[in-house]
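Beneath this line is the structure, given in structure tokens, with notes to follow.
The values are calculated or read from the model by the stated rules, or taken from the named source; none is laboratory data. Keep in mind that this is a model prediction, so the values were computed, not measured. Because the Cβ atoms are built from the backbone with ideal geometry, glycine has one as well, and the counts that use them run over all protein chains shown. Please note that ligands, DNA and RNA were not included when accessible areas were found on the heavy atoms of the full protein model with its side chains. Shrake-Rupley method; radii C 1.70, N 1.55, O 1.52, S 1.80 Å.
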Amino acid sequence: QVQLVESGGGLVQAGGSLRLSCAASGRTFSRSARGWFRQAPGKEREFVAAISWSGGSTYYTDSVKGRFTISSDNARGTVYLQMTSLKPEDTAVYYCAADFSGPSDRVRDWAYWGQGTQVTVSS
């Protein structure tokens, strides 16, 4: 059984920070690309960040560049999203994703998904 489990979400004031974690189990993800997406109420799921399986390449949507950092610990099978300078518009459910193809900013390209963790940024 393949499973991705997110944690670390919560309520934070604007300008604050959170670190999300995504732990993988059931199958080795050490050679999978990993990504973070988010979905705000009434909106489509959108790409946030991704990292190659080696950790050597990272990708970000423009709105989070310079504020969010994606990293991975393959020994632990865990990927992280460090979020700083949070804004109310970052409020969403954040989803972790994995795939054995290369990173992509398209939802349909990712085969494995977590259940999501809520991030709420108050103004």
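For the reader, a short list of remarks on this structure follows.
- Taking label points 7 Å from Cα along the Cα-to-Cβ direction, Ser123 and Ser63 give a separation of 1.4 nm.
- Förster radius 30 Å - calculated FRET efficiency between Ser54 and Leu11 (Cβ-Cβ, nearest 0.05): 0.30
- Relative to the Cα centre, the charge distribution of the range 10-123, modelled as +1 at Lys and Arg Cβ and -1 at Asp and Glu Cβ, gives a dipole magnitude of about 180 debye.
- Of all accessible heavy-atom area on the chain, the percent that carbon and sulfur account for (1.4 Å): 44
- Accessible area expressed per residue, the chain, with surrounding protein chains retained (probe 1.4 Å, Å²): 52
- In sequence order, the range 71-86 has phi-based couplings of 8, 9, 10, 5, 4, 9, x, 10, 10, 10, 10, 8, 10, 10, 6, 5 Hz under the Karplus curve 6.51 cos²θ - 1.76 cosθ + 1.60, θ = phi - 60°, and Gly or Pro positions carry x.
- Hz values of 3J(HN,Hα) by residue in the range 104-117 - Karplus curve (6.51, -1.76, 1.60), Gly and Pro given as x: 8, 9, 9, 4, 5, 7, 9, 8, 10, 9, x, 8, x, 9
- Among the trypsin sites (Lys or Arg not before Pro) within the range 23-55, those in coil by DSSP and having at most 11 neighbouring Cβ atoms inside 10 Å are Arg31, Lys43.
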